[in-house]
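Just below is one structure, and these are the notes that go with it.
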Amino acid sequence: MTLNQINFTKKIVFQIFLIFSINSAVAQVQPSLGGSSRLMNSAMQEMENGNYEKANIFFRQIIDSNLPIPPEMPYFFAETLYQLEQYDNSANFLNKYLELNGFKGDNYEKAKALEKLLDVPLNAIKSCELCDRRGYRFQECFTCEGSKHLEQDCGYCKAKGIVGCSKCVGSGLITKRNVFNIIEYFECERCSGQGRLTCPTCDGSKVETSACRTCQGSGRLQSDKVCDHKDENPRHLSLLFNRIKSHN
């Protein structure tokens, strides 16, 4: 092999290596378009089978993986969330779908129909006092058991119920100088000579009541349970039970 042939062979090998390196770098930078499509197809199949919980998992995998999101995915995710009664989340993804695709979306008509279906459950959530704005039912605070407040030893009097009189500094006596510059002692009128006063914070009960820090004084906490807007302990039944109990 001549020197020219050797140099030509080296040049070809270098070009092949350069092309391979560039292609590898591009492949690492560009996201995998097929990954989200496979997850999307799996989610769609689960929807057709009525397995919305599994479809929900696949849709969330697309979001968590940072893969490119198929343009129709927000609609199908919104439909899945509607079937799972997660109406607030469903409305959020539906709005995002209409915002991104408008009337040009393949599922525009279905999206508008779903938008109308969401009106009823969303209005029910707004008028319900048993759940938060997302439709998840409140649960009773485990710290205060719904009472909104907690009782604890009074911090002002150290659970003694009394505090020292600030006017006589706890002595029960106050001093005054008369016209002859002689010090005279008098009974403290504020504490009646006792040298102590009832604690102004707890009124002598030794117990201080404060808002529950766990629930911020609301008596309830958020949960992951979808609300059915039905009171588990209807007030009229509670009154009836108490009435029956009082006659026994």
So Glu85, is it in contact with a Gly (Cβ under 8 Å, 6 or more places away or on another chain) and not assigned by TED's automatic domain parsing to the domain that holds Glu46: no
Cβ-Cβ under 8 Å pairs, at least 6 apart or on other chains, segment 48-59 side assigned by TED's automatic domain parsing to the domain that holds Leu84, far side outside any helix (DSSP H, G or I) and surrounded by 11 or more Cβ atoms within 10 Å (Cβ to Cβ): Tyr52/Leu84; Glu53/Leu84; Asn56/Leu84
Top-ranked residue in segment 55-79 [being within 15 Å of Lys110 (Cα to Cα) and over 22 Å from the mean Cα position of the chain (by Cα); ranked as surrounded by the fewest Cβ atoms within 10 Å (Cβ to Cβ)]: Pro71
Tally, over segment 58-94, of residues that are hydrophobic (A, V, I, L, M, F, W, C) and out of contact with any helix residue (DSSP H, G or I) (no Cβ under 8 Å at 6 or more places or on another chain): 1
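Yes/no per residue for (1) modelled with pLDDT of 90 or more; (2) closer than 16 Å to Gly50 by Cα; (3) in contact with a Pro (Cβ under 7 Å, 6 or more places away or on another chain); (4) of a type in the set (Lys, Arg):
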{"residue": "Gln61", "(1), (2), (3), (4)": "yes, no, no, no"}
{"residue": "Leu67", "(1), (2), (3), (4)": "no, no, yes, no"}
{"residue": "Ala78", "(1), (2), (3), (4)": "yes, yes, no, no"}
{"residue": "Gln83", "(1), (2), (3), (4)": "yes, yes, no, no"}
{"residue": "Asn92", "(1), (2), (3), (4)": "yes, no, no, no"}
{"residue": "Tyr97", "(1), (2), (3), (4)": "yes, no, yes, no"}
Test: residue in segment 199-220 that is closer than 30 Å to Leu122 by Cβ, outside the structural domain of Gln86 (by TED's automatic domain parsing) and out of contact with any Cys (no Cβ under 9 Å at 6 or more places or on another chain): yes
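The values are calculated or read from the model by the stated rules, or taken from the named source; none is laboratory data. Fair warning: this is a prediction, and the values are worked out from it, not measured in the lab. No Cβ is skipped: glycine too gets one built from the backbone with ideal geometry, and neighbour counts run over all protein chains shown.
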